[in-house]
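The values are calculated or read from the model by the stated rules, or taken from the named source; none is laboratory data. The shown structure was predicted, so the numbers you read here are calculated from the model rather than taken from an experiment. Cβ placement follows ideal geometry from the backbone for every residue including glycine, while neighbour counts extend to all protein chains displayed. The area values use the complete protein model at the heavy-atom level, side chains included, leaving out ligands, DNA and RNA. Shrake-Rupley method; radii C 1.70, N 1.55, O 1.52, S 1.80 Å.
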Amino acid sequence: MGLQMAEIEVNDLMSIGVIQDEPGYQIPPEGWTLGQNVRYLANGVEMLPGWSPTLGINPRGVPAAPAAPVLSQVAGGAFPLSTFFVKVTYVNVDGETTASAESSLVVAANNFLVVASPIGSNSATSWNVYVSTNTGIETKQNASPIALGTNFTQNFALLTGANPPLVNTTFDTPMALMYISSATQPWWLWASLLHIYVFDGVNDTDITRAVGGNYAAVDAKSWNGTLFQGVPILNDGIDKPQFWANYSAGQKMQDLTNWPANFTSRVVRSFLSYMFALNNTSSGVNLPHQVRWSNAAVPGSLPSTWDFTDPTNDAGSTDLPDVASGRILDGQELQGQFFIYKEASTWRVQFIGSPFVFSFHSFMENTGILASRCLAITADGRQHVVATQDDILVHNGISSESLLSKRMRRYLFNRIDPSTFDTSFMFNNPVYDEIWFCYPSNGAAEPDSALIWNYKYNSFTEATGIDFRAAEIGTIPVTGQTWAQQTLTWAQDSAQWATSKRRRIAVCNPNTKKLILLDDTGTVTRDGVTFTGIVQRTGLSITGQKRNGEWVVDLKNQKMIRVLWPKIQAQNTVQIRVGYAQLINGNITWNPYQTFDPDINLFVEGCEGQGRSISVEFRGQTGWRLDGYKLDLEPLGEF
């Protein structure tokens, strides 16, 4: 009896997820061997939406380049007659604008070129000048920025300096975010290395402390904080923690009241009515195992004291004794308990009341956290997800389990850069039932990749090409029209006057110096930059399915795909290809990509070839969704 052609249908594309630690032939057909910039949703897999700027306009930036410079000449020197072409830029503490329009001037022999200072603009403090004797190739002539109001004289031979910048970098660099919900409106605090701002739904306002000057944060991981009794507190680990006394754009941040003198804390968190300070420095001496807590505070107020030597209050201090487990890196509440994470251990803290106030017990003796911020809480508030030194774990305060074992563990930890791993961070994306672990791949200084765990399906995908440094969930306000702006009648207009985007993720992008809305379903680009969503399955050796649903696997016979039928939706076209391998885990010979338009095509041709295992790949850049695919597969026999 000859071999019969089989129709093989693969559905449930989210049930297994991406597995990198096992060869393809060991993975069930529903699984993937690669899935980048995609997610699982409603029993299918789809490309991630794009990203777009949000939360106002960076307030410290100089929004436009200077006007074309005003040129003149002054007697002096012995230079010959020359025509000069000039551009200028603004400079502030954060960077430099793009260049102005070009001006030119014929300067007589024995004269110097004079460039007038541009007028002041926003936060600009100085300016740069770019000059050449040919149009369009100006180079920088000043060694350091020139103070606004001071003109520049070209009394020396032209220098071959830098060209004018192509990107405006004068905006402040967002590094951290905090969302605050109030009865009247949402508020967003965000911090750069030196400043703190608030977005009130319309404008960003600098609310850096009036007394004490700029902050001393060195990078994104410096910042942490807590919403304590309704009071927002931000901490950079170097300055005193900062609190925002009133929800008002006119309210400046202030040093936390009653904070101990000559004392800083690496991490500040809240638990019940207490504030916790973790990994502290007192009078210049680092105490990496120390935990201090404040006196209990009433709702809406700050702690009255941190003096643990006074027996009349609940403030206290303890040192976790397992010194060999490394420093304290973070802590977070979970279901009425507080968990403190060291590099190689985890401690459980429970409230027991006076006189000891809290009890401290080891929860995981040999497992800690990879870095600060590598911790998230699932949307139901019942589990911590933690990136450890060699795994990602989930625990409910009683027991823990590995998420990566036999799936992504070796793959992930071989990819994380061993020098910059401490820039990694984690956040919850509850709308999509996801935890994102963002990390720097080998050679990267900051996170450029993310492993995405869908905790509804217990499946993984990845995001590549990320360039954000912190994330926060909250409500993104969207302003509608005013009555005066409306031109339609009440009956004609069906739009909402104003809307808000609830439970959305905003991220800090230091490269573009913008706050970004993740998962903006209105765009397929990342702030104008295209990207590709791709899923790939290699090592398929199935030839059919039994009545009970069990797959029939044949590792000996040669196979050929006649036609591939994708169950796919797309805004435009997608690219699909098929590949074959003669050895079960050998090199794949891929057929050329076939362009597939779901509005026109029913199936993909150009699939012919032969091998003992087959591979399929789907990719696109304009938004697409795959719910399954069917293969017309012809067994060719053993040869």
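Of all residues in the range 565-587, those satisfying the criterion of being under 34 Å from the mean Cα position of the chain (by Cα) and open to solvent by 40 Å² or more (accessible area, probe 1.4 Å) are K567, Q569, Q571, N572, T573, Q575, R577. Taking (1) open to solvent by less than 40 Å² (accessible area, probe 1.4 Å); (2) touching a residue at least 60 places away in the same chain (Cβ under 8 Å); (3) not aromatic (F, W, Y) in turn, E333 satisfies each apart from (1).
Residues are listed down the side, and each one gets a yes or a no for (1) crowded, with 21+ Cβ neighbours inside 10 Å; (2) touching a strand residue (DSSP E or B) at 6+ places or on another chain (Cβ under 7 Å); (3) under 24 Å from D519 (Cα atoms):
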{"residue": "E7", "(1), (2), (3)": "no, yes, no"}
{"residue": "D12", "(1), (2), (3)": "no, no, yes"}
{"residue": "P23", "(1), (2), (3)": "no, yes, no"}
{"residue": "L34", "(1), (2), (3)": "no, yes, yes"}
{"residue": "Y40", "(1), (2), (3)": "yes, yes, yes"}
{"residue": "G44", "(1), (2), (3)": "no, yes, yes"}
{"residue": "N58", "(1), (2), (3)": "yes, yes, yes"}
{"residue": "G61", "(1), (2), (3)": "yes, no, no"}
{"residue": "P80", "(1), (2), (3)": "no, no, no"}
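Here is a check on your reading of the model: is V616 farther than 22 Å from Y25 by Cβ, modelled with pLDDT of 90 or more and surrounded by 14 or more Cβ atoms within 10 Å (Cβ to Cβ)? No, not satisfied.
Annotation note: Cβ proximity below 8 Å between a residue of the range 229-253 that is closer than 16 Å to H195 by Cβ and a residue that is open to solvent by 20 Å² or more (accessible area, probe 1.4 Å) and among the basic types (K, R) (sequence gap 6+ or interchain) occurs for Q242/R209; K252/R209; M253/R209. Any chance the range 304-323 includes a residue that's closer than 25 Å to A470 by Cα and either more than 26 Å from the chain's Cα centre (by Cα) or open to solvent by 40 Å² or more (accessible area, probe 1.4 Å) (or both)? No. With a requirement of 2 or more residues that are open to solvent by less than 30 Å² (accessible area, probe 1.4 Å), the strands (runs of 3 or more DSSP E) lying completely within the range 516-564 that satisfy it span 533-540, 542-545.
Do we have S400 as surrounded by fewer than 22 Cβ atoms within 10 Å (Cβ to Cβ) and either in contact with a Lys or Arg (Cβ under 9 Å, 6 or more places away or on another chain) or under 30 Å from I19 (Cβ atoms) (or both) here? Yes, satisfied. Take the conditions (1) surrounded by 14 or more Cβ atoms within 10 Å (Cβ to Cβ); (2) part of a loop (DSSP other than H, G, I, E, B); N128 misses just one of them, which is (2).
Screening P566, P592 for residues that are within 20 Å of G35 (Cβ to Cβ), out of contact with any Cys (no Cβ under 8 Å at 6 or more places or on another chain) and not basic (K, R) leaves exactly one candidate, P566.
Of everything in the range 381-397 that is in a strand (DSSP E or B) and not small (G, A, S), the residue that is surrounded by the most Cβ atoms within 10 Å (Cβ to Cβ) is V386. For the range 207-243, the tally of residues that are more than 23 Å from the chain's Cα centre (by Cα) and either open to solvent by 10 Å² or more (accessible area, probe 1.4 Å) or within 15 Å of W259 (Cα to Cα) (or both) stands at 17.
Summed over the range 140-156, residues that are part of a loop (DSSP other than H, G, I, E, B), open to solvent by 30 Å² or more (accessible area, probe 1.4 Å) and either of a type in the set (K, R) or without any contact (Cβ under 8 Å) to a residue 40 or more places away in the chain (or both) total 7. All of (1) assigned to a loop (DSSP other than H, G, I, E, B); (2) without any contact (Cβ under 8 Å) to a residue 40 or more places away in the chain hold for S359 with one exception: (1). Restricted to the range 261-284, and to residues that are on the phi > 0 side of the Ramachandran plot and not in a strand (DSSP E or B), which residue is most open to solvent (accessible area, probe 1.4 Å)? The residue in question is N262. Scanning the range 372-380 turns up one or more residues that are open to solvent by less than 10 Å² (accessible area, probe 1.4 Å) and not in a strand (DSSP E or B). Which count do you get for residues in the range 321-336 that are of a type outside the set (A, V, I, L, M) and more than 13 Å from F276 (Cα to Cα)? Total satisfying the criteria: 7.
Every residue, every condition in (1) more than 36 Å from the chain's Cα centre (by Cα); (2) assigned to a loop (DSSP other than H, G, I, E, B), yes or no:
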{"site": "Q20", "(1), (2)": "no, yes"}
{"site": "E30", "(1), (2)": "no, yes"}
{"site": "G35", "(1), (2)": "no, no"}
{"site": "S52", "(1), (2)": "no, no"}
{"site": "I57", "(1), (2)": "no, yes"}
{"site": "G61", "(1), (2)": "no, yes"}
{"site": "A67", "(1), (2)": "no, yes"}
{"site": "S72", "(1), (2)": "yes, no"}
{"site": "F79", "(1), (2)": "yes, yes"}
